[in-house]
1. Label the range 399-533 by shape, choosing from rounded, prolate and oblate, from the square roots a ≥ b ≥ c of the eigenvalues of the Cα gyration tensor; if a/c is under 1.5 it is rounded, and otherwise prolate applies when a/b is larger than b/c, oblate when it is not.
2. Taking only DSSP H segments of four or more residues, each worth -39500 (n - 2.57), what value at 222 nm results for the chain once the sum is divided by all its residues, to the nearest 500 deg cm²/dmol?
3. In whole percent, and with a 1.4 Å probe on the protein chains, what portion of the accessible area of the chain is carbon and sulfur?
4. Of all alpha-carbon pairs in the chain, indicate the percentage at a distance above 38 angstrom.
5. Given a 1.4 Å probe, how much area per residue of the range 463-513 is accessible, in Å²?
6. Please report the accessible area of residue 221 (heavy atoms, 1.4 Å probe, ligands and nucleic acids excluded) in Å², nearest 10.
7. How much accessible area per residue does the range 255-362 have, in Å², with a 1.4 Å probe?
8. Straight distance only, please: which lysines reach the Cα of residue 62 with their own Cα at less than 16 Å, same-chain residues fewer than 8 apart left out?
Amino acid sequence: MKKQTLFKVISILLPLVFILLFEIILRIGGYGEDYKLFHKVSTQSETDYLVMNKHIAKKYFKDNELQADNQSDLFLKTKTDSTFRIFVQGASTVVGFPYYRGGSFPRMLKHRLSQTFPNKNIEVINTGITAVNSYTLWDFTNAIIEQEPDLVIIYAGHNEYYGALGVGSSITYGSHPNLIRTYLYLKQFRFFQFLENTYYKISSSHNPKPSERETTLMEVMAKEQRIPFNSKIYQEGLKQYESNLNSILSTYQNHNIPVIISTLVSNEKDIKPFISDSIPNKQAFLEALSKDNMKSNKIAEQNALAAYTLGQHYLEKNQDSAKKYLHVAKELDLLRFRAPEKINTIIKSLSKKYHATLIDMKSIFESHSPFNSIGNELLTEHVHPNVMGQFLMADGFYNKIKELKLLKNWNDEIKYDEAIANIPVSEIDSIVGELTITDLKSSWPYNLNMSGKRPPLNYIESTSFEIQMAQNIHKKISNWDQIMAYAYRSYENDKKYEKALRIAQSLIFEYPEQSKVYQMAGEMCFKMQDFEKAAYYFSIFNYLDKSIISAEQLSSTYVKLNKIDLAKQTLLEAHKNALKVKKPINELNLE
């Protein structure tokens, strides 16, 4: 080899060797973050579980003061034959904002599927994070595939402009998807984290940014607050979404993983445009409007506020015209916290291209809305569903799973009326959500004069037990676990068994590996004389606990159901496991 060639090879390899050594030193020294999506979780059980990395949001939000929320859903590290595993991808709607817990459609879906298939281990793993967009979904795809999903559900698109790394976001590195995806790939390396952290410290000291402590997350994230319809940045947001979704769906298709993807819903009827140009010649517009003159229509087609005013004018007069102009108002809104309709067009097009199953959630919501226009009846504010809206989403995905025959034997199907009567959301969590929304609607961008400010926390004077408990959570006087434990005991003592059951169901979502929460739910069902559901919960309690109490409670429930053989079998198995049952089998009056 010529010396010149050797020198070139060495000059190329030397920096790579240096980077490798630097990477090793940083890892040994414990520098940086582990950005694996799933981590093993320690539990009292012998079974190994995985859970979503609680620090994963740091990968997308360099400012550690930004509070990005996500759920923690445990699932088996080693998938069993009886497991049906669903991953759900998205942002704050998927997380369940503002209710969280059992108020998210993924958990409502899990609750219903688990009761439909009591002999299966139904896992619905929520990978949603607030304030992220399609870049995060793309970044999660391979890690999700490694966990052998039976189905992936996608609901995402509202954050394409202002979510982390979006083209209009305060956290962005440009509008080229391939470049940003390369950036996300490099984030796994400690040397790259070191370089980025160093740059961030230097740049942030010279250019301080507004903090979430000073204002809302929405304002912190929204850098480009005026994005006109069909402008360059508007089109870049669409291209970004289409590029990422194209990659996501093609990857899942290549691995033969079924995908259900949903269109997006927005509050068009009851949320006026956040930012709009002033109505030109407003007085003339209002006069034309009062006379139903077509001049008002022409102005409305070019101005968001005029379109919204015209849509409201038509609500009681002409439903089709009302829907048309309310939609135009959303499309022309300069502050793009609601996805443009072209996002739904992309969803429909790519779902067809990659044979993903489409569910038209927008049409479902419209069919349940007065005037056929989506508003406050189903949404808490501009995009986030209320409890009923989250239920409709869960119901839509439940029926689509049945339609696709991804699970067999629907003999125990939970019908709509039964499911809606048993939504697993406590009244306390529901009120916490309402308090959160009241605070949000007092803030920017609902009140543009609140820019750079945070409103005082909302307070309700009430003797209601639920309101008092909710306010303690909202104000962080007590944590959620403490309130739920106290509420459960209070409801049980007051014989409010159905409310206590809602608490137990919420706890099951949070602690699915702990036997006690199933016992709590089973005892409430037993006291309500709902012995079928009591047997469902006690059977899981007995499977996890394998104790004297669990065997006796399950067998007693079987007796109530006149399933004597099962009662005997339960106690016999307890004996085989060398458990000392309080009463001999022949004294339990099983005959």
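The values are calculated or read from the model by the stated rules, or taken from the named source; none is laboratory data. All values reported here derive from a predicted model rather than from experimental measurement. Quick reminder, even Gly has a Cβ in these numbers, built from the backbone with ideal geometry, and neighbours come from all protein chains shown. With ligands, DNA and RNA removed, areas are computed over all heavy atoms of the protein, side chains included. Shrake-Rupley method; radii C 1.70, N 1.55, O 1.52, S 1.80 Å.
1. Oblate.
2. So the helix-based figure for the chain works out to -16000 deg cm²/dmol.
3. Percent of accessible area from carbon and sulfur atoms in the chain: 52.
4. Roughly 39 percent, rounded to a whole number.
5. 48 Å²
6. Approximately 10 Å² of residue 221 is accessible to the 1.4 Å probe.
7. On a per-residue basis, 45 Å².
8. 54, 187, 201, 209, 223
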